[in-house]
Amino acid sequence: MISFLCLCFFLIPASALATADYARQTGFECKACHVDAIGGGKLTRAGEQFVQELKLKGLYRPLKTPQKIVRFIIGYLHLLTAIAWFGTILYVHILLKPAYAAKGLPKGELVLGWMSMIIMSVTGTLLSIARIPAWDMLFTTRFGILLTIKVLLFLIMMSTAFFVTVFIGPRMRKRLKVLPSVDTLKDRQVLTLEELHNFDGKEGRPAYIALKGNIYDVTDSRLWKEGSHARKHLAGNDLTDALNTAPHSEEKVLALRQVGKLTISSTIAVRPLHERVFYFFAYMNLIFVFLIVFVIALMRWA
């Protein structure tokens, strides 16, 4: 990894002066230096003259083919992992719902999220070094200020993800373990949602799911191995909302053996502090996703 980073630092140029900020500072439009009115590509005579002046001052270093390839690969990885990470967050909120994820985010999505954050951190740092040759540019140029805002939002999201994974997650899983055992609940015909969570299909426990107030047994279904269906849905939960996005109709579930009814607890449960913090972070990160996308749109097109 260290060798790879050193190679990237060597191949990526330390400065990049042809930016939209130059056009804003001089008052010139992009077409003053570029044949294409939106910038980039072939230069006009004025643009070529400006490049020659930069060369004489030793301020212009054109990208060589290896540098372009490395920059493309890093940029591609950065974009790809950003899509994966943001997609995981949207998936949790739109399909799973935070309340569903609070009972245990599927391991695949958890690993994908952390892998994406690590890769984004490395590639984002390299791309920023290539674009921002001096620290003061982070506070004196429009691009630098927007980049700083984006990085701060990203760091806050990473911090909350770390806090949830290391501190809140174990406490929430511990709380589930103190619920009544499966042996005391399996003969009951009516279960609350918290009691249903015990039937998660793990460690030899039965696997139950709920749909529209009815509870069905999926223990023996080959599609619910270890209480997980398609690596997205977990047994022990009410899947009424999730079924709306499923590729099959509810008849598939109705054909299963019904074992009871799902009821709303008569007592109003007060969520513990760590669970309330989880929900706060979940919705905050969702807002941050839209803010980061908004900042990127300002950087690229505004």
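The values are calculated or read from the model by the stated rules, or taken from the named source; none is laboratory data. Treat the numbers as computed from the prediction; the structure is a model and nothing was measured. No Cβ is skipped: glycine too gets one built from the backbone with ideal geometry, and neighbour counts run over all protein chains shown. Note: areas computed on protein heavy atoms with side chains; ligands, DNA, RNA excluded. Shrake-Rupley method; radii C 1.70, N 1.55, O 1.52, S 1.80 Å.
Things to note:
- On full extension, the segment bounded by Ile149 and Glu53 gains 31.2 nm, given 0.36 nm per residue less the C-alpha separation.
- Entries in Lys31/Lys64; Lys150/Lys232; Lys202/Lys261 that, when Cα-Cα distance is taken, lie over 27 Å: Lys150/Lys232
- Computed accessible area, Thr245, all protein chains, 1.4 angstrom probe, square angstrom: 80
- Where labels lie 7 Å past Cα in the beta-carbon direction, separation of Trp301 and Thr65 in nm: 3.4
- Overall shape: rounded for the range 204-265, with the ratio a/c of the largest to smallest alpha carbon gyration tensor axis below 1.5.
- Rounded accessible area of Trp224 (nearest 10 Å², 1.4 Å probe): 20
- Highest-first arrangement of 120-127, 251-258, 285-292, where packing means the average Cβ count within 10 Å: 120-127, 285-292, 251-258
- Nearest-10 value in Å² for the accessible area of Ser221, using the 1.4 Å probe: 30
- The simple spin-label model puts a point 7 Å past each Cα toward its Cβ; for Thr140 and Tyr283 those points are separated by 4.3 nm.
- Cα centroid separation, the range 118-172 to the range 207-275 (Å): 37
- Cβ-derived FRET efficiency at R0 22 Å, Leu223 paired with Glu194, nearest 0.05: 0.30
- Inter-probe distance in nm under a simple model that places probes 7 Å from Cα toward Cβ, at Tyr91 and Val35: 4.4
- Sparse-neighbourhood loop sites, trypsin sites (Lys or Arg not before Pro) in the range 61-92 - DSSP loop, at most 16 other Cβ within 10 angstrom: Lys64
- Cα-based shape type of the range 214-302, given that a ≥ b ≥ c are square roots of the gyration tensor eigenvalues and the cut on a/c is 1.5: oblate
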